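I have placed the structure first, in the form of structure tokens, so that the comments after it can refer back to it.
The values are calculated or read from the model by the stated rules, or taken from the named source; none is laboratory data. What you are looking at is a predicted structure, and each value in this text was computed from that prediction instead of being measured. Reconstructed Cβ throughout: ideal geometry from the backbone, glycine too, with neighbour counts over all protein chains shown.
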Amino acid sequence: MDIVARNNVKVSGRRGGRPMIFSHGFGCDQSMWRYVAPAFEDEYETVLFDYVGAGRSELSAYSAERYTSLDGYAQDVLDVCEELDLTGAVFVGHSVSAMIGVLAAIREPRRLSTLILVAPSPRYIDDGDYVGGFSGADIEELVDSLDSNYLGWSSQMAPVVMGNPDRPELGEELTNSFCRTDPEIAKQFARTTFLSDNRDDLGKVAVPALILQCSHDALAPPQVGHYVHRAIPGSELTLMRATGHCPNLSAPEETIAAIKAFL
Amino acid sequence: MAARDDAQVTGETLEILEDLYEDAPCGYLSTRGDGMIIRVNRTMLALTGYRRQDLVGRTRIHDLLAVGDRILYETHFAPLLALQAGVKEIAVDLRCADGSRVPVLLNAVMKEQTRTRPEEIWIGVVAASDRRGYERELLQARQRAEESQRRAVELARTLQESFIPPALPRVPGMDVAGMYRPAGRGDEVGGDFYDMHEVVDGWAIALGDVCGKGVQAAVVTSLARYAVRAAPLRDSRPSAVLANLNEVLLKERTDRFLTAVYAQVQRDARDRFRLTLSLGGHSPAVHLSKEGLISMIGHPGTVLGILESVELHDVTVDLAPGDVVVFSTDGVVEGRGRTGFFGEERMGRALSAARDADAAGIAGRLMDEVVAFQSGMPSDDIAIVVLKIPE
């Protein structure tokens with residue numbers, strides 16, 4: 001299996017520089033990093049990729065079984081590291097990818113030796129005193145929303161997504177051409193993401209970690225950022241002025257500055 | 001005078017523009033980059049029941065969305081807006097002032113900061129209750145269809161598996177292997193079957209092909225496999241077993257016919273094997289000698305399940321160490337590739353090339369070549385059984 005093609009791996013930046021892996025979350029693909037990654041190319045060898053099932057990865061490599069837990073996604077990260085023989089890398093993970101990075105760094109701290117966790121949440125669903133921000137019913141509602149929004153995509157986009165570009169007339173329709181995805185895979189990724197609970201893994205992180213917490217993040221409220229900070233030994237927390245869940249898109253300068261200050 | 005006219009026109013124009021905005025046939029919302037609502041039109045207020053002062057400067061677009069849609073907004077649409085400056089036909093539910101929900105479609109554009117105003121998101125809102133209801137029905141219909149399809153495929157696969165034994169029995173002094181590959185994608189039950197079982201004085205092999213596919217063919221295939229196993233003991237000649245199968249098929253009044261080969265292998269006191277077989281409309285077995293000579297075993301007989309009286313013959317051959325016997329369905333020889341049929345010649349060449357392998361190796365090689373000849377999508381089911389007498 002060609003991992004570079006499977007995960008649509010793109011390497012740029014300084015050859016021989018310290019590797020820096022940018023990893024996207026649920027809902028999008030590596031284009032999430034287009035305003036941030038270039039700022040590190042002078043010093044680092046930047047590695048961007050799509051998880052199997054997202055962006056321009058090879059959908060045929062998707063297996064519902066493997067990707068039913070975040071461990072399957074962590075394996076994607078480690079596969080990419082092994083393929084490119086990366087060691088001592090900085091791993092920058094957004095949203096659910098922050099937890100995927102935590103899992104990968106616990107397994108192979110030699111390969112991922114620094115974690116930048118952008119808008120992380122170890123568990124989205126409330127549990128006793130723990131406030132994740134959502135209930136189980138909310139997550140089912142999300143899956144319904146995905147269904148409503150993929151209705152048009154499934155028939156029109158599927159051929160394009162599946163790599164049959166023999167219908168170029170569809171190009172006009174593809175206004176949402178970034179972050180495109182197969183509807184069934186998106187639903188499963190939603191469940192895997194929002195039903196996971198990685199609170200117990202945070203204490204096992206043995207590498208330096210930075211948590212970037214936005215203000216007004218509907219997905220990862222401030223108390224979640226503080227929770228992650230307390231749970232990862234020796235971690236640093238930066239509270240950002242940026243609002244929303246995607247500071248890498250809405251406030252790239254602030255995001256870049258926070259990461260550079262930490263590194 | 002002229003100047004005042006201009007001013008009047010401008011005033012009127014402004015009024016028209018304001019009416020166009022406020023009473024447009026769709027709701028308008030403008031928000032800051034962070035989603036805070038800064039402008040809203042009357043149509044939008046009427047649609048949702050809010051007062052202007054409830055929304056402007058106090059509510060973010062997220063707060064108007066149901067929870068699932070809010071996650072979708074953050075994970076999908078906010079990124080898309082940042083990456084491509086516009087999204088179209090986003091289906092969400094808005095939460096109204098009275099707690100009810102209204103299904104809408106949103107179009108949004110990101111307007112970059114200018115000299116006179118900061119970055120804004122302009123959102124058009126169209127109520128879509130009827131359309132969304134219809135879409136939901138479509139979605140449910142599709143989900144039901146997918147579920148039925150999944151069940152049908154699973155049923156086909158399970159049923160098919162019952163037509164071939166999970167593993168062939170171990171036969172002392174003889175190496176045997178069976179292989180099966182459904183046509184195309186394998187989502188329909190085919191009519192091929194094979195079986196091997198112990199009989200009073202040796203071993204019996206049955207391999208056949210029921211005409212057609214699908215449920216009707218499956219019923220006949222199942223019947224055939226069990227009829228052969230349960231053949232009466234009073235006359236155990238292969239031709240008698242097939243004649244009995246013919247009677248069973250006619251009695252069942254099925255309109256399907258089948259072709260089959262039935263063989264028995266006996267081992268004598270000096271450990272030599274003797275093979276007796278009968279063909280019911282089926283192609284002969286292929287015999288490959290140690291020296292590499294290829295010959296056919298069997299005398300043509302009548303197809304089963306059509307006529308009351310059938311003509312069936314028993315043919316007996318002695319097998320020597322190193323001999324290979326191959327039974328197959330017409331999916332092999334009649335496998336259709338771009339250049340015509342797979343044919344007996346290609347089959348002979350494939351078997352000769354594989355003859356030093358064990359029975360499973362020979363069956364595998366033949367199967368691989370037939371499937372590859374048809375570019376991986378065989379036009380018919382393929383069943384192969386190979387016997388080899390080790391040297």
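What the table below lists for this structure:
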| item | result |
| --- | --- |
| The listed residue being modelled with pLDDT under 90 and either within 14 Å of chain B (Cβ to nearest Cβ) or under 25 Å from residue A:39 (Cα atoms) (or both), out of A:250, A:235 | A:250 |
| Matching residues in region A:226-250 - criterion: being of a type outside the set (S, T, N, Q) and surrounded by 23 or more Cβ atoms within 10 Å (Cβ to Cβ) | A:228, A:232, A:242, A:244, A:245, A:246, A:247, A:249 |
| Residue A:69 being touching an Asp or Glu at 6+ places or on another chain (Cβ under 9 Å), among the polar types (S, T, N, Q) and assigned by TED's automatic domain parsing to the domain that holds residue A:18 | no |
| Top-ranked residue of region A:106-153 - restricted to ones that are small (Gly, Ala, Ser) and facing another protein chain (nearest Cβ under 9 Å), ranked as farthest from the chain's Cα centre (by Cα) | A:152 |
| Top-ranked residue of region B:36-61 - restricted to ones that are under 46 Å from the mean Cα position of the chain (by Cα) and surrounded by 22 or more Cβ atoms within 10 Å (Cβ to Cβ), ranked as farthest from residue B:119 (Cα to Cα) | B:48 |
| Among residues of region A:222-248, those that are charged (D, E, K, R) and in contact (Cβ under 8 Å) with a residue 12 or more places away in the chain, counted | 2 |
| Those residues of region B:297-313 which are surrounded by 13 or more Cβ atoms within 10 Å (Cβ to Cβ) and of a type in the set (A, V, I, L, M), in sequence order | B:297, B:303, B:304, B:306, B:310, B:312 |
| Identity of the residue in region B:93-109, over 14 Å from residue B:66 (Cβ atoms) and free of Cβ contacts under 8 Å to residues at least 40 places away in the same chain, that ends up nearest to the chain's Cα centre (by Cα) | B:105 |
| Which listed residue, of A:196, A:235, A:215, is closer than 18 Å to residue B:82 by Cβ and small (Gly, Ala, Ser) | A:215 |
| Members of region B:241-291 found to be of a type in the set (A, V, I, L, M) and not in a helix (DSSP H, G or I), listed by number | B:258, B:260, B:261, B:263, B:265, B:269, B:275, B:277, B:279, B:285, B:286, B:288 |
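Rundown of residues vs (1) modelled with pLDDT of 85 or more; (2) more than 13 Å from chain A (Cβ to nearest Cβ), yes/no style:
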position	(1), (2)
B:55	yes, yes
B:61	yes, no
B:88	no, no
B:103	yes, no
B:117	no, yes
B:135	no, no
B:152	no, yes
